[in-house]
Amino acid sequence: MPFMPVKFNLQKRVKLAQGLWMLYWFSVIAGILIFSLGIFFKIELRKRSEMMDDNESHLVPNLLILAGMLACGFNAFGGKVCHDSLDPMKFSKWKPMLKTYLQLCCGFNILLVLVSLLCFLMQFSVYLTLAEGLSYAIRFYKDTDTPGRCFMKRTLDMTQIEFRCCGNNNFRDWFEVQWISNRYLDMSNDVVKDRVLSNVEGKYLMDSVPFSCCNPGSPRPCIQHHLTNNSAHYDYDHRTEELNIWTRGCREALFSYYSSLMSSIGVLVLFTIVLESVDMAGLKYLSTALETMSEPDNPECESEGWLLEKGVKETFSDLLTKLKTLGRTNQVEGGDAPEANT
Amino acid sequence: MVVMKMKFPFEKRVKLAQGLWLLSWCATVAGATTFTLGCILKTELRRRAEVMDNQDIHIVPNTLMIVGLASLGINYFASKICQDALDAGRFPRWKNFLKPYFAISCFFTVLMLLAVIMSYAMKGSLESSLKVGLRNGIRFYKDTDTPGRCFQKQNIDRLQMEFQCCGNNDFRDWFEVQWISNRYLDFSSKEVKDRIKSNVDGRYLLDGVPFSCCNPSSPRPCIQYQLTNNSAHYNYDYQTEELNIYLRGCREALVNYYMGLMNTIGAGVLSIFLLQGSVLVSLRLLQTAMEAVAGKENTEIETEGYLLEKGVKDTIMEYLDPVLKFLLLKNQVEEGTAAATSTTAATPAPT
């Protein structure tokens, strides 16, 4: 008893073939979109790899690029098959490949499910890498003369300007590190000597932030030094006043950017899975309808199409027995081998 | 004296019509592209409208948009005409339409070329508009509480950060204006009072620049105040050291950006102009070749096609004559009536 049978006459078959051809080309476009989003995501991760301490995982963008290319290939092949399906001569050369093709499509769908799961789950790993990477970035901000860290200052400044954020959790992270290099500190000055001696590690700490924390939208010229000292500035109270630096932390800002990117890519992949399943079902109907034509020479005869030849339960039990026989052939070979030895 | 005479056997006519049909659809897409390029340019100019004094430069994107829309219409009719051209029954209905159609098409095609020339010619106007606009922007930087100027500070800051520039000509423009509002100055402090008394207008001038002039690529934390005072900073020499603020002026940065944009757009529009011109030339040749076939029984004879029946000068006079006659005739009639009224006015006087 076939699963979900549908009767087809010539007109219905033609309409199915045409509709399926359009749907396959739409799926090719979806595949191209996934491929380009994978490349975009990879570029975005590499742009800020300094802030992720160079150990970010590129698994998700690589899988997206692979899935995009596979989707293009599979769907273009499916479109070609649909295009040739109404011509019995051309269709006969595609017929033997259809079973393997549908099995490959099934496997590809499982890969897409895995990719969409990863898109949502890997956001945690991105959060953790950002937290660690940003704290290192702030520590190495001043090392513009150390090879390998020369551009940390520029990267962090540009990130703070672009994402409108300051520091790791918030701007107070800058109070805990020395972000002015010793090359620019006058060590003979009393003020400098006091600050350096005031803490155990001998760091020049101050309650200031770099200029990239400044908010251009604030009406007041930027106050970036002596932030906690009310008397250093006219008409200034750091507790009540709206500070004219960014108060948001860069970890939160970067994470919300990456998580929204990954979530939208995940939603697109889910949509592609639905599209692929519809494609597969349509192709199965078309191929079975063309196979069961009662008079192969008369194109206008009626035929029946179905999704599965037997019912769902029977198909699954068939699959299981097939897998078991595969296992049993190994056992038989194992039985033969000891006999051959003896 | 016929311009560009060519022989057209039947096969060649058919090929010309088919090629023209394809070409006209390409030209339609090109027309839509011209419109889009005009829109892009207009959007980019409007984004920085606050630092521009006048809107004269907007004539370039406006012209591009008009030409783009017009070429959509021109090419639509071109494709329709060449579709009907090979059908001897349907072609004659276009007869009266073609003369004004060619006049209008030539006008708009020349307008396309003019738009490209204008984009180069208006560089001076753009520069002077930016000069005045930026000067005002820097002057009103501090007026964040004046309605209409609240966002001047934010605009100038974002402009300087995005285009990596400082001031109008260079960073010294900031030394000549008071860019810190009086609301944030402590007038009881001696330093503030000294600075204000040191100049005629009573402004608080200092040798500092806003934070948006800071260059993030510089290895040193930004020095934005007391730029000319070597002793205020450790290991700092204002004359020799590479300053860690942007040295380029914003006017130069913006002019370079817009001229680059207009050069790219101009190159594209120039190629679209050549495409459009070839469409019109082919259509004219097809029209003249088909007109020679009209009325004959055997439609597969060889005919001649040409661009202009008379020379260039004669054709221009032919088109302008109706316009001139209309004006001249009007003058003649007016003179006649003026003479008549003066005689009628003169005759009653002696009585």
For A:185-193, A:218-226, ranked highest to lowest by mean beta-carbon neighbours within 10 Å, the order is A:218-226, A:185-193
Let's test the formula: R0 of 56 Å, r as the Cβ-Cβ distance of A:A281 and B:C39. What FRET efficiency results, to the nearest 0.05? 0.85
Dipole axis of chain A (+1 Lys, Arg; -1 Asp, Glu on Cβ), positive-most option in A:I43, A:G79, A:S264: A:G79
How big is Rg to Rh over the stretch A:211-329, alpha-carbon atoms, Rh as the Kirkwood inverse-mean-distance radius? 1.52
Rounded to the nearest 10 degrees, what's the angle between the helix B:59-85 long axis and the longest principal axis of chain B, both from Cα atoms, 0 to 90? 30 degrees
Cysteines without a disulfide-compatible partner [chain B; Cβ-Cβ under 4.7 Å]: B:C26, B:C39, B:C82, B:C106, B:C150
Could you give the angle, 0 to 90 degrees to the nearest 10, between helix A:123-139's Cα long axis and the longest principal axis of the Cα atoms of chain A? 20 degrees
Can you quote the Å³ per residue value for the convex hull of the Cα atoms in the stretch B:240-302, rounded to an integer? 107 Å³
Which Cys residues of chain A have no other Cys Cβ less than 4.7 Å away and so no disulfide-compatible partner by this rule? A:C72, A:C82, A:C105, A:C106, A:C119, A:C150, A:C301
Computed on Cα atoms, Rg of chain B relative to 2.2 N^0.38 Å comes out at 1.60
Where a ≥ b ≥ c are the square roots of the eigenvalues of the C-alpha gyration tensor, would you call the protein assembly as shown rounded, which needs a/c under 1.5, or, failing that, prolate if a/b is larger than b/c, or oblate? oblate
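Once the convex hull of the C-alpha atoms of the stretch B:127-215 is built, how many Å³ does it hold per residue, rounded to a whole number? Don't skip to the answer; put the middle values down first.
On the way: hull volume 9.5 nm³, N = 89.
Per-residue hull volume (Cα only) is 107 Å³.
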Among A:K142/A:K193; B:K5/B:K296; B:K5/B:K99; A:K80/A:K313; A:K47/A:K203; B:K42/B:K131, which pairs are too far apart, with a Cα-Cα distance over 28 Å? A:K80/A:K313; A:K47/A:K203
What whole-number distance in Å separates the alpha-carbon centres of the stretch B:173-246 and the stretch B:103-121? 49 Å
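Could you give the dipole magnitude of the protein assembly as shown about its Cα centre, charging the beta-carbon of Lys and Arg +1 and that of Asp and Glu -1, in debye to the nearest 20?
Working: 72 positive and 73 negative charges, 206 e Å.
Here the protein assembly as shown has a charge dipole of around 1000 debye.
I need the calculated FRET efficiency for the pair A:S125 and B:E302, taking r as the beta carbon distance and R₀ as 56 Å, to the nearest 0.05.
Numbers: r = 77 Å, r/R0 = 1.37.
Calculated value: 0.15.
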Amide H contacts under 5 Å for A:F8, restricted to residues at least 5 apart in sequence or on another chain and with H modeled in the peptide plane, are A:S303, A:E304, A:G305
Among B:M52, B:L41, B:A70, the residue whose Cα sits farthest towards the positive end of the charge dipole of the stretch B:14-75 (+1 at Cβ of Lys and Arg, -1 at Cβ of Asp and Glu, taken about the Cα centre) is B:A70
In Å, the C-alpha Rg and Dmax of the stretch B:1-135 are 20.2, 68
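Can you give the convex hull volume of the alpha carbon atoms of chain A per residue, in Å³?
Taking only Cα atoms, chain A has a hull volume of 259 Å³ per residue.
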If each residue of separation counts as 0.36 nm, what is the full-extension length gain between A:T321 and A:V14 once their alpha-carbon separation is subtracted? 106.8 nm
Which part of the stretch A:133-173 falls in the paramagnetic zone of A:Y257, meaning amide N under 16 Å from the point 7 Å along Cα-to-beta-carbon? A:133-135, A:137-138, A:152-169
Once the Cβ-Cβ distance between B:E252 and B:E176 is put in as r, and R0 is 22 Å, what FRET efficiency do you end up with, to the nearest 0.05? 0.75
Where in the stretch A:207-240 does accessible area fall by at least 50 Å² between the isolated chain and the complete protein assembly, at a 1.4 Å probe radius? A:F211, A:P216, A:P219, A:R220, A:P221, A:Y234
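The values are calculated or read from the model by the stated rules, or taken from the named source; none is laboratory data. These numbers were taken from a predicted model, which means no experiment stands behind them. Cβ: placed from backbone, ideal geometry, glycine included. Neighbour counts: every protein chain shown. In case anyone asks, the SASA skips ligands and DNA or RNA and just uses the protein heavy atoms, side chains included. Shrake-Rupley method; radii C 1.70, N 1.55, O 1.52, S 1.80 Å.
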